[in-house]
Amino acid sequence: MADIDRLFKYLVESKGSDLHLTEGQPPKVRVHGGVSAIPGEPVLEGETFKQMLAEICEPSAFETYLAGGDLDFAYEMDEVSRFRCNYLRQQHGLGAVFRLIPTEIASLEDLNLPAVIKEFGHMRSGLVLVTGPTGSGKSTTLAALLDYINSNYSRHIITVEEPIEFVHRNKESIITQREVPIQAPSFADGLRAAMRQDADIVLVGEMRDLETISLALTAAETGLLVFGTLHTNNARKTIDRVVDVFPSDQQSQVRTMLAASLKGIVAQLLCKRVDKPGRTAVNEIMFTNSAVAAIIREGATQKLYDVITQGKAEGMQFMDEAIWEKLQAGMIAPEEAYMKAIDKTRFKRFLPAESASLGVATGESQ
């Protein structure tokens, strides 16, 4: 057993999500959103800490990390505990962050996500973007959606991930999972190859550069169903981000391509619960209809709010509406609703008097 496994076991037993190891600090875990030190653990130092990190890593990959200061990979402690690992260098030496990945893929129902998200699984082509900040559960939501497709349709699904998080087994579909940079040099290379591999669906773990986004648009136009992720908080910012990646002289053409190929956006945030331990997802959902396509072509994304609000019958949902429903149901605190909301004035009146001034100060700076 690796020395680090006892820290992983503590994380699993405490129902935490992340383990933080930093040279010069004791090990810390994130449980239900808060970070605290593991009781009784010494400060991580020097050669002992270096050996702890090396023990679960391929020797060549560890050498790459020591030389370059950054590394992503996955580690399986046992059949029920798998971790996404990020090694880094920091001010006081080495560091690492580990995210616990459930080995059982939760269903969309288990995650309490809106049932309308299944509609994206019924599509045959186009681009679907799942967005949100780091740690908002995008990978979990996408894994549930792919599992829904895998259980109901016979498709060839290719995933390009860094690293592979959720391991899918073939059900009705064939699933090919490729890890960057081990089985594919980059997301763009993996996506380019997928177009020659008789794929029906491609999941791109992260659309972080012009080449990957450009290839995703092309793949969606040529008849593939492409799922991608971006670190944006809502539909409007997502469309702006995709267009802004391109040089200004190409943006008009990109808006036309995006209007034709984008099928929808699911933006996701996690809110801390007050009714029981844990966090709950809130989602903004946009389906591309003729009005949305026209807005994208015009570059007038400020008009999306009205279209999403009016599209409730089609299953569309604005982020603040989702937050409002959780607040009304007593699942989240007014302070949490205020901090996560886009239009903060709507939620300000629910803040307790003593936290209103503090909430305004912290909330407006987001």
Exercise. Counting only protein heavy atoms, what percent of the accessible surface of the range 246-341 is carbon or sulfur at a 1.4 Å probe?
Worked result: 48 percent
For this session: State in Å² the accessible area per residue of the range 1-147; use a 1.4 Å probe, count heavy atoms of protein chains only, and round to the nearest integer.
Result: 47 Å²
For this session: Kindly rank 92-105, 253-266 from highest to lowest mean number of other beta carbons found within 10 Å of each residue.
Result: 253-266, 92-105
For this session: Restricting to the chain, compute how many DSSP beta bridges are antiparallel as a %, nearest 5.
Result: 60 percent
For this session: Treat every Asp and Glu Cβ in the chain as -1 and every Lys and Arg Cβ as +1, leave all other atoms uncharged, and give the resulting dipole magnitude about the Cα centre to the nearest 20 debye.
Result: 1060 debye
For this session: Quick one: pull the percent of accessible area on the range 136-239 belonging to carbon and sulfur, 1.4 Å probe, ligands and nucleic acids left out.
Result: 45 percent
Problem set entry | Cleavage-rule hits, trypsin sites (Lys or Arg not before Pro), the range 172-225, DSSP coil, Cβ neighbours within 10 Å at most 11 | Arg196
Exercise. How much of the accessible area of the range 15-119, in percent, comes from carbon and sulfur atoms when a 1.4 Å probe is used?
Worked result: 49 percent
Problem set entry | Environment charge at Met1 (Cβ cut-off 12 Å; Lys +1, Arg +1, Asp -1, Glu -1) | -2
Problem set entry | Where the range 160-215 is the region considered: accessible area per residue in Å², 1.4 Å probe | 47 Å²
Exercise. Which three extents, in whole angstrom, do the alpha-carbon atoms of the range 217-343 cover along their principal axes, largest first?
Worked result: 49, 27, 25
Exercise. Quick one: which of Lys276/Lys303; Lys15/Lys237; Lys15/Lys326; Lys15/Lys138; Lys15/Lys303; Lys171/Lys303 span more than 30 angstrom between C-alpha atoms?
Worked result: Lys276/Lys303; Lys15/Lys237; Lys15/Lys303; Lys171/Lys303
Problem set entry | Dipole magnitude of the range 31-184, debye to nearest 20 (Cβ charges: Lys/Arg +1, Asp/Glu -1, about Cα centre) | 600 debye
Problem set entry | the range 101-165 versus the range 1-49: alpha-carbon centroid distance in Å | 29 Å
Problem set entry | the chain, Rg to Rh (Cα coordinates; Rh as Kirkwood inverse mean 1/r) | 0.97
Seminar exercise, completed: Only helices counted: for the chain, with every DSSP H run of 4 or more residues adding -39500 (n - 2.57) and the sum spread over all residues, [θ] at 222 nm is -10500 deg cm²/dmol
For this session: Sort the following peptides by mean Cβ neighbour count (other Cβ atoms within 10 Å, averaged over residues), highest first: 129-140, 156-167.
Result: 156-167, 129-140
Seminar exercise, completed: From the Cα centre of the range 252-300 to that of the range 51-66, the distance in Å is 39 Å
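The values are calculated or read from the model by the stated rules, or taken from the named source; none is laboratory data. Quick caveat: nothing in here was measured; it's all calculated off a predicted structure. Cβ atoms come from the backbone with ideal geometry, glycine included; neighbour counts cover every protein chain shown. Remember, those area values only see protein heavy atoms, side chains included, never the ligands or the DNA or RNA. Shrake-Rupley method; radii C 1.70, N 1.55, O 1.52, S 1.80 Å.
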